[in-house]
Amino acid sequence: MLPATSEHRLDLDPEIRAFAASSDRRFNAEFDALPPAEQRRLYNAWCLEWSSPRPNELSVADFLVPTDEAKVPVRLYRRRDCIGNLPVVLYMHGGGWVLGSPETHDQVTSNMALATGAVVLSVDYRLAPEHKFPAAFNDCYGVLSWLVEAGPGLGIDPSRLAVAGDSAGANLAAALSLAARDRQGPAIAFQALIYPGLRFQRPAGIDADSPGLAAESISVYAKAYLAKAADATHPYAAPLHARDFSKLPPAYIAAAWFDVLREDSSLYAEKLREAGVEATYQCAPGLVHTYLRTIHCCAAAQKEFLAVCHAIKKALT
């Protein structure tokens, strides 16, 4: 269920107001009308503007993972002071399946590796509209399958594996959880979803716009990502349309109050619980969609992020 409305929930956290204003200036109908290459150029610059330096305690490596369809670029993060075979988080970045990369989300994945002590593998999946569904999903599933086989050689314990992501990346993480169950593997121990978008229609009663994401933009992303109309209800494209939510990994689902997608999170948590799956739902009262960009300058965002990391660490320990 959605959190009860109260006065404090109707106010943006003071530390995130400048970010929300910056997001609104950048992401609007004019932005959505730009060619994808120009959108990515502007998005990359904006992400750099709202990022902090990478922690020095990490070793980082970029390489290609061979899959059935493509050689998928990935970025691997590991704490220098952690030895032995470590648990692993497979991370999918957000960006509406059109934008983003491991570089744009480096602040998130590097700090996740630092906070969890796990190896974090960030996937540079193919982007829409050049590559429509199921290209991004297939890339991520291919990396997941490879990780289980190659993990021990990289100092990774694939029996302690979580999937995680934000926004469109959280959509992909949920889809991987469904597919891994449907296909009898690979085994996923935990799913951490941060303000996920899990369907393509917006429910009545939800604000039409939120800082960082307008309802109209969802239609733009859907048009770019989906190859045909029927894909809008395919469970690996829109996980809330799955018929069966049983035997899925336990989940931590982090939502933001000022987010047109927030009901997706609460509904997914409800469906998991109804199917007997452990699910924690947390809605941040004063935060906005894409609040992960502010974990270096907003205490409330950092608190929510560290709660996600704590849940991952606990699940994989």
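Where a number appears in this text, it was derived from the coordinates with a stated rule and is not lab data. As the structure is a computational prediction, the values presented were derived from the model and not from experiment. Ideal geometry is used to build each Cβ from the backbone, glycine not excepted, and the neighbour counts take in all protein chains shown.
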Given that compact globular proteins tend to follow 2.2 N^0.38 Å, what is the ratio of the alpha-carbon Rg of segment 51-96 to that value?
1.40
Pairwise label distance in nanometres, residue 37 with residue 60, each label 7 Å out on the Cα-Cβ vector:
2.6
Which aspartates and glutamates have a Cα less than 17 Å from the Cα of residue 247, not counting those fewer than 8 places away in the same chain?
182, 270, 274, 278
Size of electric dipole in segment 95-160: Cβ of Lys, Arg +1 and of Asp, Glu -1, about Cα centre, debye, nearest 20:
140
Checked against the positive end of the charge dipole of segment 1-136 (+1 on Cβ of Lys and Arg, -1 on Cβ of Asp and Glu, about the Cα centre), the farthest of 28, 83, 95 is 83
Spin-label pair residue 68/residue 216, simplified geometry with 7 Å Cα→Cβ offset, distance in nm
4.0
Per-peptide average of other Cβ atoms within 10 Å, ordering 35-47, 83-95, 219-231 highest first
83-95, 219-231, 35-47
Only Lys, Arg, Asp and Glu count, each charged at its Cβ (+1, +1, -1, -1), so figure out the dipole size of the chain about its Cα centre, rounded to 20 debye.
540
Most exposed to least, judged by fewest other Cβ atoms within 10 Å, 104, 116, 233 sort to 233, 104, 116
Relative to the present Cα-Cα distance, how much length would full extension add between residue 30 and residue 159 at 0.36 nm per residue of separation?
41.9 nm
State, to one decimal in nm², a quarter of the convex hull surface area for the C-alpha atoms of segment 144-259, i.e. the direction-averaged projected area.
8.4
Ellipsoid semi-axes in whole angstrom, largest first, where each is sqrt(5λ) of the Cα gyration tensor of the chain:
26, 22, 21
